[in-house]
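Notes follow once the structure below has been shown.
Rule-based calculations on the coordinates, nothing more; no lab input. Please read these numbers as outputs of a predicted model, since none were measured by experiment. With ideal geometry, Cβ positions are generated from the backbone for all residues, glycine too; neighbour counts draw on all protein chains shown.
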Amino acid sequence: MTRKTVLIVDDEPAIRDMLKVALEMANFDCIEAKNAHEAQIAVTDNRPDLVLLDWMMPDVTGIELLRRWRRNEDTQYLPVIMLTAKAEEENAIRGLDVGADDYISKPFSPRELASRIKALIRRSTPIVSEELLIAGELILDPVGRLASVKGQNVSLGPTEYKMLEFFMMHPNRAYTREQLLNNVWGANVYIDERTIDVHIRRLRKALSIDGYENIIQTVRGFGYRFSEEALIKSTD
C-alpha cells in the first residue's frame, strides 16, 4: 500500500518532532511547516493526503488558514485535523464549523492520533462503485464523488460526504450518535459525540436547497434518521 503523506503545521519544533516520530512509526510520510506561509507552500508543492493544523500560530492562525483553504477550489476538500490545547475544546468545535474534519486535544496518545488520521483518510478516499444513490432529487455519484440536489451541486467535505453516503445507503432507520461515530469514523476512534451534531449541521446546511435539509431528521432523545418521508412532509 502506498504510504500516505501528512503535513504537520505547528510553530513549536518540539511538537513537530514528536508528531513526526509518532506518525513515521505508524507508516506515514511527514512534511513540516512552522507557519501559515510555509504550510501554503507545502500544500501547493506536495499535495499531502492530510494536514495536522495547530490552532494557535503567530501571524496567521490555524483557523484563518483553514478558512482560506475552504474558500479555495484546490484545497476545499483537503482533509484537516485541528490540534488544540485541552482548554480550547470549544474552539475546536468552532474549527469544525469553519471546515475542519476532526480535532484532537493535546496531550494525546500517538495511537489515537494515528487512528484518527487513518479513519479520516479512509473517509476521504473515493469508494469503488458506479451505482448512483438517489433520494427524491438528491443524487450522490460515488464515481465522481459528487452530490447534487435538483441539479445543483452540493459542496461536501470528506466527513459530510461519508455521512451522507452512509445515510443514503441505510434510509429510514434511526441511528444513535455512537452508531454514527462507529460507522462513519470507525469503532476504534474516540471522538466527542458533539462532533456528530456539528457535522449534521454542516450536512444540512449543504443540502439546504428547497427544503432538502429536512431529509436528515432528528429523532429526539435518540439520534438521527435519513427519511424521504420527512422531506415530503416538509414540502406539503
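Taking the charge dipole of region 1-79 about its Cα centre, with +1 at Lys and Arg Cβ atoms and -1 at Asp and Glu Cβ atoms, the residue from T61, C30, T2 reaching farthest to the positive side is T2.
Distance between the 7 Å Cα→Cβ label points at V219 and M25: 4.1 nm.
Segment F166..K150, full-extension length gain: 3.7 nm, with 0.36 nm per residue of separation and the alpha-carbon distance subtracted. Here the spin labels are modelled as points 7 Å beyond Cα on the Cα-Cβ line, and at D97 and E112 they lie 2.4 nm apart. Would you mind checking which residues have amide H under 5 Å from G223's amide H? H placed 1.01 Å from N; only 5 or more apart, or other chain. Result for G223 returns nothing.
Couplings for region 212-228, taken from phi via the Karplus curve 6.51 cos²θ - 1.76 cosθ + 1.60 with θ = phi - 60°, read 5, 5, 6, 5, 9, 9, 7, 9, 4, x, 9, x, 9, 9, 8, 9, 5 Hz in order; Gly and Pro are left as x.
Between exposed GluC sites (Glu not before Pro) in the chain, where DSSP calls loop and at most 11 other Cβ atoms lie within 10 Å, what's the longest gap? Write down the numbers at each step before the final one.
Working: sites that count: E73, E130, E131.
Longest gap between qualifying sites, sites excluded: 132-236.
Lysine pair count for the chain with Cα-Cα distance under 19 Å and sequence separation of 8 or more or different chains is 13. Per residue, the chain reaches -12000 deg cm²/dmol at 222 nm when only DSSP H runs of four or more residues are counted, each adding -39500 (n - 2.57).
The orientation-averaged projection of the convex hull spanning the C-alpha atoms of the chain amounts to 13.0 square nanometres.
Overall, the anisotropy analysis places region 5-124 in the rounded class: the square-rooted eigenvalues a ≥ b ≥ c of its C-alpha gyration tensor yield a/c less than 1.5.
Sort out the exposed loop trypsin sites (Lys or Arg not before Pro) in the chain (DSSP loop, at most 16 other Cβ within 10 Å) and tell me the longest stretch that has none. Each step should come with its number before you reach the end.
Numbers: sites that count: R3, R145, K150, R173, R220.
No qualifying site falls inside 4-144, the longest such stretch.
Under a 5 Å amide H cut-off, with hydrogens placed 1.01 Å from N, Y103 pairs with M82 among residues at least 5 apart or on other chains.
Start at zero, step by 5 Å, and the Cα-Cα distances of region 133-235 spread as 2, 13, 26, 26, 19, 10, 3, 0 percent across the bins. Against the chain, whose longest principal axis comes from its Cα atoms, helix 62-71 is set at around 50 degrees. Using the Cβ-Cβ distance between E38 and I121 with R0 set to 35 Å, the FRET efficiency from 1/(1 + (r/R0)^6) comes to roughly 0.95.
Between V60 and R201, what length in nm is gained on full extension when 0.36 nm per residue of separation is reduced by their alpha carbon distance?
Details: separation 141, 0.36 × 141 = 50.76 nm, distance 2.68 nm.
Stretched out fully, the V60 to R201 stretch lengthens by 48.1 nm.
State the extension gain, in nm to one decimal, for the chain segment bounded by D192 and A14, taking 0.36 nm per residue of separation less the distance between their alpha-carbons. Gain on extension, D192 to A14, equals 61.4 nm.
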